[in-house]
Amino acid sequence: MNVLDIIARGDGWVVINKPPGVSVHNDPRDVCHLLEKQLIPGSFESIHPVHRLDKETSGLLLIALNARLAKQLAEQFQARTSEKYYYALLRGSMPVSEEWQSWDTPISDKAEGRNNPQGLAKDRVESRTDFKVIKSDQYTSLIEVRLFTGRQHQIRKHAALAKHAILGDTRYGDPKFNKRIAEIYKTDRMFLHAGKLKISIDGKEHTFEASREF
């Protein structure tokens, strides 16, 4: 991966469709380093991803290109005035429904493991993940997800706690099942994709979308 897919750009910001397996930061080949090489020198002040997106997750990532806008956008995510929608392919069959349902089990705001996705009791905080089941078969279910809180690995933890771990999730899913899924789908990716983002940038409302590959 040498070139990022920039799907939208404005005054002081870009939106990319991040592929799975690419870190947002803290890696020599992360999004920040790749974007710095890709953008025209002098066309940006600095690079600031303004919300979380796990290395294993694909999809929309909003990046501010100056500190002022980074602060403004980050405050919107903290205040929960933006809207983030994801798609996830889960293990097991769930009833298809147009009704939104909720997972609201308290979880920690840090990485955990498959033996205890919630984390220690003292670390658990309010968490809410809304979802609806788009389609389902005997083995898997595709859901659309809206986050109301932004805990680390929130969708992954809630899905695992519901006994419907995300396919390809090596941290919270079953290793033997994931190995079989990798053989069937010819990929070892995690099937979680950030597909839609609604947010106001400098007073203008924007809706960004990135199609999923599953």
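The values are calculated or read from the model by the stated rules, or taken from the named source; none is laboratory data. Worth saying up front: this structure is predicted, and the values here are computed from it rather than measured. Here Cβ is always computed from backbone atoms with ideal geometry, including for glycine, and neighbour counts include all displayed protein chains.
For this structure, a couple of remarks:
- For residue 130, the requirement of being in a strand (DSSP E or B) and either modelled with pLDDT under 95 or surrounded by fewer than 19 Cβ atoms within 10 Å (Cβ to Cβ) (or both) is met.
- Filtered residues of the stretch 83-93 (kept if within 14 Å of the chain's Cα centre (by Cα) and either at positive phi or not charged (D, E, K, R) (or both)): 85, 86, 87, 88, 89
- Checked against (1) outside the structural domain of residue 111 (by TED's automatic domain parsing); (2) surrounded by 15 or more Cβ atoms within 10 Å (Cβ to Cβ); (3) in contact with a Lys or Arg (Cβ under 7 Å, 6 or more places away or on another chain), residue 196 meets all criteria but (3).
- Residues in the stretch 133-155 that are farther than 20 Å from residue 78 by Cα and not in a strand (DSSP E or B): 137, 138, 139.
- Filtered residues of the stretch 157-214 (kept if under 16 Å from residue 18 (Cβ atoms), among the charged types (D, E, K, R) and assigned to a loop (DSSP other than H, G, I, E, B)): 189, 212, 213
- Residue satisfying condition, being assigned to a helix (DSSP H, G or I) and either of a type in the set (A, V, I, L, M, F, W, C) or at pLDDT below 95 (or both), within set 88, 70, 111: 70
- Test: residue in the stretch 141-148 that is surrounded by 19 or more Cβ atoms within 10 Å (Cβ to Cβ), of a type in the set (Phe, Trp, Tyr) and either in contact (Cβ under 8 Å) with a residue 12 or more places away in the chain or not assigned by TED's automatic domain parsing to the domain that holds residue 23 (or both): no
- Within the stretch 38-58, residues that are crowded, with 20+ Cβ neighbours inside 10 Å have Cβ atoms under 6 Å from residues that are part of a loop (DSSP other than H, G, I, E, B) and not polar (S, T, N, Q) in these pairs: 49/24; 53/24; 56/20; 56/190; 58/19; 58/20, counting only partners at least 6 apart in sequence or on another chain.
- Any hit, the stretch 183-193, residues being free of Cβ contacts under 8 Å to residues at least 40 places away in the same chain, β-branched (Val, Ile, Thr) and either under 14 Å from residue 58 (Cα atoms) or out of contact with any helix residue (DSSP H, G or I) (no Cβ under 7 Å at 6 or more places or on another chain) (or both): yes
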